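All remarks here apply to the structure that follows.
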Amino acid sequence: MIKKNIRYILLFIFSVLVQTLIFDRIYISSYVSCYMYMLFILLLPVHTNKYTVMTLGFILGISVDIFNSTQGLHAASAVLFAYMRPFVLHAFAPRDDYEPNKELSIKNYGLFWFIKYAGSLILIHHIFLFYLDIFSFSHFFFTLLRIALSSVISLFFVTLGHFLFVRE
Amino acid sequence: MKNLLNFIVKYLYTIVFILFEIVCFILIFTANNYHKVSFLNSSNRITASITEQWNSVTEYLSLKGTNDSIIAENERLKNQIEKYRKDNIPAIEESGFKYISARVISANVNGAKNFLTINKGAKNELRQDMGVIGPNGVVGIIYSCSNKYASVMPIINPATRISVKIKKNDYFGSLSWEGGNNNLALLQEIPGYVNIEIGDEIVTSGHSSIFPAGIPVGSISSFKKDKSTNFYEIMVDLYTDFNNISYVYVIINTNYNEQNEIKNSITEQEDD
């Protein structure tokens with residue numbers, strides 16, 4: 001039990017540090033920014049209490065905010081991400097439902113399922129984050145393009161990160 | 001009462017969510033008060049020391065670019081000295097400005113509200129509202145200081161306003177940034193009768209106590225005239241490359257207090 005918790009604490013630290021020390025510093029193009037710290041929330045066990053998930057989402061977002069001097073921006077987005085998680089899980093539930101002891105991984109539920117699950121949550125997160133960040137619709141189509149391209153890149157790195165965490 | 005309780009129980013999850021979002025939005029909108037030093041920004045001691053450690057690892061990767069910009073800067077400074085020597089003007093004047101070099105330890109330059117953090121702070125005489133320049137030109141203005149670190153609000157932050165002028169004819173206006181590309185800023189308040197061309201150099205005006213006059217900012221990349229007000233809207237291509245910025249100089253105005261005292265005494269007289 002304790003061993004399992006330590007894995008998730010490590011995943012939390014890994015998500016925050018990789019996001020703020022690597023992805024927030026590399027410049028790909030003005031169209032693409034990668035956000036993959038939500039990996040932590042994605043991989044929490046299926047039956048984690050949904051209020052716990054939301055609180056963890058808030059703490060995760062605030063941690064990223066402190067590193068980036070963006071007070072509350074990532075916290076607001078991560079809370080929305082955590083809030084939507086049960087609905088998305090429910091919408092894409094396999095025919096015989098989730099098994100409590102299986103991790104939410106590609107190995108257990110398939111690549112297509114994972115892309116649907118992670119992809120839709122990342123898209124919701126990015127739409128909210130990018131429009132909240134500029135806080136106007138003045139660059140509407142530019143932002144829309146940024147959201148689309150960034151979501152694809154984020155999904156790619158989230159999938160990579162998931163392979164690092166999930167055990168054989 | 002029973003109905004209300006039922007409602008709360010039924011929608012508890014959403015209500016908790018909304019409460020969380022309210023907390024986040026309060027954080028976001030109090031952060032817009034740029035002159036409030038806040039404990040949550042990255043001049044915070046713990047996060048800044050983590051990012052500084054990390055920087056000491058990664059700075060080797062950008063060493064070549066840093067070297068190139070230092071060489072270019074050296075060349076420019078040497079040319080300036082030559083000019084002074086030729087004109088027989090004493091190079092060191094009582095300008096009242098002092099420069100302190102600092103390293104950029106974290107840079108957010110792809111969002112809408114951009115910030116830089118540098119590794120000098122109140123301990124090194126830095127305080128709020130000091131100008132920051134890089135090897136190529138103006139970078140921004142200091143917005144908050146902790147003891148060892150300071151946050152810089154770059155030109156590419158919507159709250160920054162810098163007083164600049166067109167170098168060839170000294171008409172001055174105000175430079176701001178409205179989002180989008182992080183190489184282009186908007187220059188306003190230049191009257192429509194002024195003769196300008198693409199490529200004209202923009203420098204600081206020296207009208208504020210923050211920057212001395214004549215520090216390069218950028219060059220005109222395009223302009224159009226607003227028919228209703230007859231003022232130009234000029235897009236300025238910034239010399240500073242915010243995607244690759246590793247060290248900066250903070251400008252300390254040693255006469256700042258004196259200048260401010262005079263300003264304040266005037267406003268006090270107006271108030272009387």
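The values are calculated or read from the model by the stated rules, or taken from the named source; none is laboratory data. In this text the structure is predicted, and so the values were computed from the model without any measurement. Heads up, the Cβs are rebuilt from the backbone with ideal geometry, glycines too, and the neighbour counts pull from every protein chain shown.
From A:35, A:51, grab the single residue that is at pLDDT 90 or above, over 30 Å from residue B:55 (Cα atoms) and among the hydroxyl-bearing types (Ser, Thr, Tyr).
It is A:51.
Please enumerate the residues belonging to region A:33-52 that are within 14 Å of chain B (Cβ to nearest Cβ) and either charged (D, E, K, R) or surrounded by fewer than 18 Cβ atoms within 10 Å (Cβ to Cβ) (or both).
Of everything in region A:33-52, those that are within 14 Å of chain B (Cβ to nearest Cβ) and either charged (D, E, K, R) or surrounded by fewer than 18 Cβ atoms within 10 Å (Cβ to Cβ) (or both) turn out to be A:48, A:49, A:50, A:51, A:52.
Just to be sure, is residue A:19 closer than 25 Å to residue B:109 by Cα, more than 8 Å from every other protein chain (Cβ to nearest Cβ) and surrounded by 19 or more Cβ atoms within 10 Å (Cβ to Cβ)?
yes
Which of the helices (runs of 4 or more DSSP H) found entirely inside region A:79-168 contain at least 2 residues meeting this: touching a residue at least 12 places away in the same chain (Cβ under 8 Å), within 14 Å of chain B (Cβ to nearest Cβ) and not polar (S, T, N, Q)?
Because the criterion is at least 2 residues that are touching a residue at least 12 places away in the same chain (Cβ under 8 Å), within 14 Å of chain B (Cβ to nearest Cβ) and not polar (S, T, N, Q), the helices (runs of 4 or more DSSP H) in region A:79-168 that meet it are A:111-134, A:140-165.
Restricting to region B:175-197, give me the number of residues that are over 14 Å from the mean Cα position of the chain (by Cα), surrounded by fewer than 15 Cβ atoms within 10 Å (Cβ to Cβ) and within 14 Å of chain A (Cβ to nearest Cβ).
Going through region B:175-197 one residue at a time, the tally reaches 1.
Does residue B:101 fit the bill of being more than 14 Å from every other protein chain (Cβ to nearest Cβ), under 19 Å from residue B:239 (Cβ atoms) and of a type in the set (S, T, N, Q)?
Against the criterion (more than 14 Å from every other protein chain (Cβ to nearest Cβ), under 19 Å from residue B:239 (Cβ atoms) and of a type in the set (S, T, N, Q)), residue B:101 qualifies.
So which of A:30, A:63 is farther than 20 Å from residue A:165 by Cβ and hydroxyl-bearing (Ser, Thr, Tyr)?
Just a single option satisfies the conditions, and that option is A:30.
Among what's in region B:107-123 and is basic (Lys, Arg) and more than 7 Å from every other protein chain (Cβ to nearest Cβ), pick the residue that is nearest to residue A:35 (Cα to Cα). Let's see the steps before the verdict.
First, pick out the residues of region B:107-123 that are basic (Lys, Arg): B:113, B:120, B:123.
Within this subset, residues satisfying the condition of being more than 7 Å from every other protein chain (Cβ to nearest Cβ) are B:120, B:123.
Numbers: B:120: 29, B:123: 35 Å.
Checking each candidate, the answer is B:120.
Yes/no per residue for (1) within 17 Å of residue B:145 (Cβ to Cβ); (2) surrounded by 12 or more Cβ atoms within 10 Å (Cβ to Cβ); (3) modelled with pLDDT of 75 or more:
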{"position": "B:9", "(1), (2), (3)": "no, no, yes"}
{"position": "B:14", "(1), (2), (3)": "no, no, yes"}
{"position": "B:29", "(1), (2), (3)": "no, yes, yes"}
{"position": "B:34", "(1), (2), (3)": "yes, yes, no"}
{"position": "B:47", "(1), (2), (3)": "yes, yes, no"}
{"position": "B:95", "(1), (2), (3)": "no, no, no"}
{"position": "B:100", "(1), (2), (3)": "yes, yes, yes"}
{"position": "B:109", "(1), (2), (3)": "no, yes, yes"}
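Could you grab me the full set of residues in region A:54-78 that are at pLDDT 90 or above and not hydrophobic (A, V, I, L, M, F, W, C)?
A:55, A:57, A:61, A:63, A:74, A:77 - these are the residues of region A:54-78 that are at pLDDT 90 or above and not hydrophobic (A, V, I, L, M, F, W, C).
For region B:174-272, which strands (runs of 3 or more DSSP E) that fit wholly inside it have 2 or more residues that are assigned by TED's automatic domain parsing to the domain that holds residue B:102 and either aromatic (Phe, Trp, Tyr) or in contact (Cβ under 8 Å) with a residue 40 or more places away in the chain (or both)?
B:184-188, B:216-226, B:231-238, B:247-253
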